[in-house]
1. Helix A:50-59 versus the longest principal axis of chain A: what is the Cα-based angle in degrees, 0 to 90, to the nearest 10?
2. For the protein assembly as shown, what class follows from the C-alpha gyration tensor (a ≥ b ≥ c being the square roots of its eigenvalues): rounded when a/c is under 1.5, otherwise prolate if a/b is larger than b/c, else oblate?
3. Under 10 Å, Cα contacts only: if you run a Gaussian network model on chain B, which one of B:Val289, B:Val307, B:Val174 comes out with the highest mean-square fluctuation?
4. Against the longest principal axis of chain A, how steep is helix A:78-91, in degrees 0 to 90 to the nearest 10, with axes from Cα atoms?
5. Given the rule -39500 (n - 2.57) for each run of at least 4 DSSP H residues, summed and divided by the residues of chain B, what is its mean residue ellipticity at 222 nm, to the nearest 500 deg cm²/dmol?
6. What residue among B:Ala175, B:Ala262, B:Val296 has its Cα farthest toward the positive end of the dipole of chain B, where the charges are +1 on Lys, Arg and -1 on Asp, Glu, each on the Cβ?
7. Would you mind ranking A:Asp18, A:Asp229, A:Asp95 by Cβ crowding within 10 Å, fewest neighbours first?
8. Using helices alone, what [θ] at 222 nm do you get for chain A, with -39,500 (n - 2.57) per DSSP H run of 4 or more residues, divided over all residues and rounded to the nearest 500?
Amino acid sequence: MVDGAFAAIGEGLDVRADIDIDAHGLIALPGLVDLHTHLREPGREDAETVLTGTQAAAMGGYTAVHAMANTFPVADSAGVVEQVWRLGRESGYCDVQPVGAVTVGLEGKQLAELGAMHDSAAGVRVFSDDGKCVDDAVIMRRALEYVKAFDGVIAQHAQEPRLTAGAQMNEGTVSGELGLGGWPAVAEESIIARDVLLAAHVGSRVHICHLSTAGSVEIVRWAKGKGWDVTAEVTPHHLLLTDELVRSYDPVYKVNPPLRTAADVEALREALADGTIDAVATDHAPHPAEDKDCEWAVAAMGMVGLETALSVVQQTMVDTGLLNWEGVADRMSHRPARIGRLTGHGRPISVGEPANLVLFDPAYRGVVNPDTFATRSRNTPYKGMDLPGRVHATFLRGEATVLAGELVER
Amino acid sequence: MKRHLVSTADLGRDDALLILDTAEELSQFSGRAVKKLPTLRGRTVVNLFFEDSTRTKTSFEVAEKRLSADVINFSAKGSSVSKGESLKDTALTLQAMGADAVVIRHHASGAPARLAGSDWLHGSVINAGDGTHEHPTQALLDAFTLRRHLNPGAGRDLAGRKVAIVGDILHSRVARSNVHLLTTLGAEVTFVAPPTLLPIGIDTWPCEVSYDLDSVLPKADAVMMLRVQRERMNAAFFPTEREYSRRYGLDGARLARLPEHAIVMHPGPMVRGMEITAEVADSPRCTVVEQVANGVSVRMAVLYLLVGGATLADAPRTTELPEAAQ
Ligand SMILES: [Zn+2]
């Protein structure tokens, strides 16, 4: 790697290097790209900052993350998205591509200045009210139409609000037994069905955040079959965990959308394997301890995920034979970069391309210990769990951000 | 047997019978002039109520005092809890006060389970009703009442007895606790409600489900009417109060369809009208007042077995109550 790009690739190269890594048994992947990260800055720096979040991203093998807009203040103006973008630049660990809010204050009523956010230094192309659903069909239609002017995409958090009022977990057998308000699958599926039809109608592209049900997969599959410009993501935790875990009433499992059933998990894995689901997105949602160390009903929703994503994908997709490492590169780097229209990421590992690279050790075995996380928060459902693999090194434009599994001082 | 009583699903048949038999013995003391037993002398029991419930709280308090426990009432209403103090902080305070047991009523499902599963508190946790999840001592007093009427005697269970539970099953912690306990004791439970008031996934529960009260009544040994809140009507769970009463209310005519020996139960408080008519509520077959009295005995038994030092599993089967004999 020279000047941020791959200079030469191959065996027996006659070069002098500053860094020499014994990469025996390691997998080389293009730097990972996350479409869905909550960095919490500005406003909740006690949970995460751009710096700690990008450090966590580097530890997870990421070289670019999309930062969600539900900050305080909301990233619904050029000023806030530029601030976040600049903090990412300064961190030096990972590129931060801000996601702009679709509506002012995430309130679902009035379109935010989507064009101004696009025209800003941050160059926003992905817009989302994530955390909240753009449930008004007219607002959603207008947003889809409007962003066509600058090749933007609306990333929808699909959740019909009336059907999920008071929802605490997946609606099903377990919620019935536990007496917790249910989040029916149809509340997600009905919005996805509506939005793919709207996107097709106005000829725009729509991206569906964190698919969680088998029915959602079917709708996306159908829409893609029609040739419509629909993309979708799934989180690592929806590929691994089920609502049975909620029986513990441990809020570490409280997440939005909720953990679903084993049948949903299976459908999501298959859809990621066959490409119906385009990308793995972490929905990294850091929360300070006090927001989780409480009773289920008042606990915050979400879990951290940047540092464990690749391991969960190895366990659920690679070790099961559903996806090879090329497939992982496609779903965790190439396609998410394409959806976000990032030009400097998600490129093939070849001469002249930006030297964004992760070296991953799939043979590593270890127990997840959140105390070693770079993220400021510890709300991981994998604590104490045996997950395979570990990021050995990460390079952002040729500069090491992680070496030998340790964060590099920058 | 666990240190806590969070769910009736945690009670095996022997545990459940031990509680009922112990309650039966303890109930004899309520007829005496001096009702106090020294069993829990020096032990501290905290009643931690995040939700108003005069009936349940009073019942526990009477039970605790009859066992000579030091009782602390910690009402979350108007305290720092309503200003946002967490359950954890409250629990740490109670731990510092040396609580041997915490009787907790909470509006959120799972709060007692969270308390029992955490390391915030070392004493026993007794669930006095959590959200729409469970109310185990209510189920125990219901089972106690059922046994007295349908199969009286220590060591006996409810095998083959048919119990219909009618009304808002979806939001009922009483129904959830009863279905576990009654089936553990051998009874056959049928839930009767409109489909909107039954939880998703009920087909996996150990019970029958019917939408038709009239067809269930002739075979029932007991019918337990649940409170239906008028607010449910506004949330479209059923069309009108009148329609609900016609289809799922218990009136004189329906009472007559029950077998001669069958009893009518209600967890209280009864609001005469929508789910039960005054005629039925006042009938001698209605056990509501008796249920209240039995509640004290059952709660004494639970406290005695959990806090009195003996765990339910290793306590002697025939309870001698040595301290009581003094
Ligand atoms: Zn979301």
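1. Here the helix axis deviates by roughly 60 degrees.
2. Details: a/c = 2.60, a/b = 1.93, b/c = 1.35.
Prolate.
3. Highest fluctuation of the listed residues: B:Val289.
4. 30
5. Working: 12 runs with 118 residues, N = 326.
The helix-only estimate for chain B comes to -10500 deg cm²/dmol at 222 nm.
6. The one lying farthest along the dipole's positive direction is B:Val296.
7. Working: A:Asp18 7, A:Asp229 15, A:Asp95 24.
So the residues, fewest neighbours to most, are A:Asp18, A:Asp229, A:Asp95.
8. Values: 12 runs with 109 residues, N = 410.
Rounded to the nearest 500, it is -7500 deg cm²/dmol.
No value in this document is a laboratory result; all are computed from the given coordinates. The model shown is predicted, which means the values in this text are computed figures rather than measured ones. As a convention, Cβ positions derive from the backbone with ideal geometry for all residues, glycine included, and neighbour counts pool all protein chains shown.
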